[in-house]
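Contents: one structure, followed by commentary.
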Ligand code: ARG
């Protein structure tokens, strides 16, 4: 079939050039949005008297038929078309004849693709937000079940102070709650309608941009036609938000991998979300978590790719912008898959309380609490800190933990030590007494916050 622009050219384009130019293999996924956008446009053209009502009705009917046939699989994509916009217009004209050629009045593919992509990504924002909420719910369930499960909290990957596992999990819940906010923010700026910007300079036809924007569910039309066709900030914003989701899932994955190792054995992932080795029969690998960690690099790459495509592009539309889709689609697909696998993986994760408790008993993680004990007895914190440093050194040398050391030995470091020390520095007390807002002894507020998301 001749190209739409064949009149201007003296010979057909090269097959290689056609393939290179084509975006149908990846923009075909926006067919629903493309057809919905065209129906809104045709309706407006009819209402405004730019085309006749009869033509508008024929176009709308034709487009609805194409949509139904694509959904049912009766109609297949013709990959000789340059993109989804050309494909739909071609089928429409084949089906309803010359009337179909009136659809592209007061419109360009430049505003069309921008509308399609904003609508497509808007729907994806909703799906991703729902998945984040589900993951937060799974995390909160486990956090609540383990609000008294003691384990060491770490800094520098060194045992630092005792916390509860629910506290650690709730930290990821907080990260994801911010991710939810970022997806919502990205959506707000995405949800403005470029339709009617046309190629770059608007149109002389009396179009009603507010009507098309409203009928497609946008908050309103964008206010500058050049910006309308060349803005891809919403892609960058969404990619940045997706990248941060992956950062959080990747850090979580790293910990799950570490906790599942034989060295830690804090958790055991369900068999359904692990794999074995083809050679070492004892192995149970956290492949899902490792893949999430690996895929994080892909999503960062998508963000960098998008930013680099936009850098240096003159206004308004340039074909470079066709490269926006593969990055953003890859990132959206990847994040959805990662969230989908994370939800059941977290829900079914078995927690080894004994191992966690034993790890907390070693490593002097109540040292700060011994110092705080002396502070309560009147010593300045810095002096108490120094004494406890000496006690830790002594314990290491004499192969004992602070709770095992007899009071008589404590007395050689300070006569402020009394029998009540032991209850004061037990792991349970250390955790329960940390009731400052956000601390492991104050889980209720954190869990309540995560539950209302
Ligand atoms: N397939 C193009 C894209 O994805 C649609 C817009 C093409 N516009 C143009 N004037 N060539 O960006």
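Just so it is clear, none of the values below were taken in a lab; they were calculated from the coordinates. Bear in mind the structure is a predicted one, so any value in this text is a computation, not a measurement. Glycine gets a Cβ as well: all are built from the backbone with ideal geometry, and neighbour counts include every protein chain shown.
Among 273-281, 121-129, what's the highest-first ranking by average C-beta atoms within 10 angstrom per residue? Don't skip to the end; give the middle numbers.
Working: 273-281: 11.1, 121-129: 18.0.
The densest-packed peptide leads the list: 121-129, 273-281.
State, as an integer percentage, the relative contact order of the chain based on alpha-carbon contacts under 8 Å between residues 6 or more apart.
Reported relative contact order: 16 percent.
So, by mean Cβ neighbours within 10 angstrom, what's the order for 17-23, 131-137, 221-227 with the highest one leading?
Result, highest mean first: 131-137, 221-227, 17-23.
Using the alpha-carbon atoms, what tilt in degrees (0 to 90, nearest 10) does helix 233-260 show relative to the longest principal axis of the chain?
30 degrees
Find the Rg to Rh ratio for region 88-128, where Rh is the Kirkwood radius over alpha-carbon pairs and Rg uses the same atoms.
Expressed as Rg/Rh, it is 1.16.
Using a 10 Å cut-off on Cβ atoms, rank the peptides 398-409, 372-383 from the highest mean neighbour count down. Mind showing how you got there, number by number?
Working: 398-409: 12.4, 372-383: 14.3.
Output ranking for 398-409, 372-383: 372-383, 398-409.
For labels at residue 258 and residue 333 in the simple 7 Å Cα→Cβ model, what's the distance in nm?
Spacing of the two 7 Å Cα→Cβ label points: 3.3 nm.
If r is the Cβ-Cβ distance from residue 188 to residue 145 and R0 is 35 Å, what FRET efficiency results, to the nearest 0.05?
Numbers: r = 36 Å, r/R0 = 1.02.
Calculated value: 0.45.
Would you mind checking the tilt of helix 53-72 against the longest principal axis of the Cα atoms of the chain, expressed as 0 to 90 degrees and rounded to 10?
Helix 53-72 sits roughly 50 degrees off the main axis of the chain.
Running Debye on region 1-55 with equal point scatterers at the Cα sites and no solvent, what base-10 log of I(q)/I(0) appears at q = 0.13, 0.15, 0.17, 0.25 Å⁻¹?
-0.59, -0.73, -0.82, -0.92
With a cut-off of 20 Å, note down the residues of region 179-194 whose backbone N falls inside the zone around a label point 7 Å from the Cα of residue 48 toward its beta carbon.
192-194
Alpha carbon centre of region 191-260 versus region 98-173: separation in Å?
16 Å
So how tilted is helix 381-397 from the main axis of the chain? Cα-based, degrees 0 to 90, rounded to 10.
So the inclination is approximately 80 degrees.
Hey, quick one: spin label on residue 318, modelled 7 Å out along Cα-Cβ, who in region 213-234 has an amide N within reach, i.e. under 16 Å?
227, 229-233
Could you work out the pair-distance distribution P(r) of region 234-290 from its alpha-carbon pairs, with 5 angstrom bin width and percents rounded to whole numbers?
So the P(r) values, bin by bin, are 4, 18, 21, 19, 12, 9, 8, 6, 3, 0.
For region 355-453, how big is the tail of P(r) above 15 Å, as a whole percent of Cα pairs? Could you put the intermediate results ahead of the total?
Numbers: 3139 of 4851 pairs.
For region 355-453, the share of Cα pairs beyond 15 Å comes to 65 percent.
What full-extension length gain, to one decimal in nm, is calculated for residue 156 and residue 376 as 0.36 nm per residue of separation minus the Cα-Cα distance?
Stretched fully, the residue 156-residue 376 segment lengthens by 76.4 nm.
What is the Cα convex hull volume of region 144-297 when expressed per residue in Å³?
Spread over its residues, the Cα hull of region 144-297 gives 186 Å³ apiece.
Between residue 418 and residue 265, what is the FRET efficiency for a Förster distance of 45 Å, r being their Cβ-Cβ separation, to the nearest 0.05?
Once the sixth-power term is evaluated, E becomes 0.75.
7 Å from Cα along Cα→Cβ at both residue 77 and residue 17: what's the point-to-point distance in nm?
Label-label distance for residue 77 and residue 17, simple model: 2.3 nm.
Quote the relative contact order of region 159-254 in percent (integer), defining contacts as alpha-carbon pairs under 8 Å separated by 6+ residues.
Over region 159-254, the number comes to 33 percent.
For the chain, I need the span (max minus min coordinate) of the C-alpha atoms along each principal axis, in Å, sorted largest to smallest.
Largest first, the chain extends 101, 52, 38 Å along its Cα principal axes.
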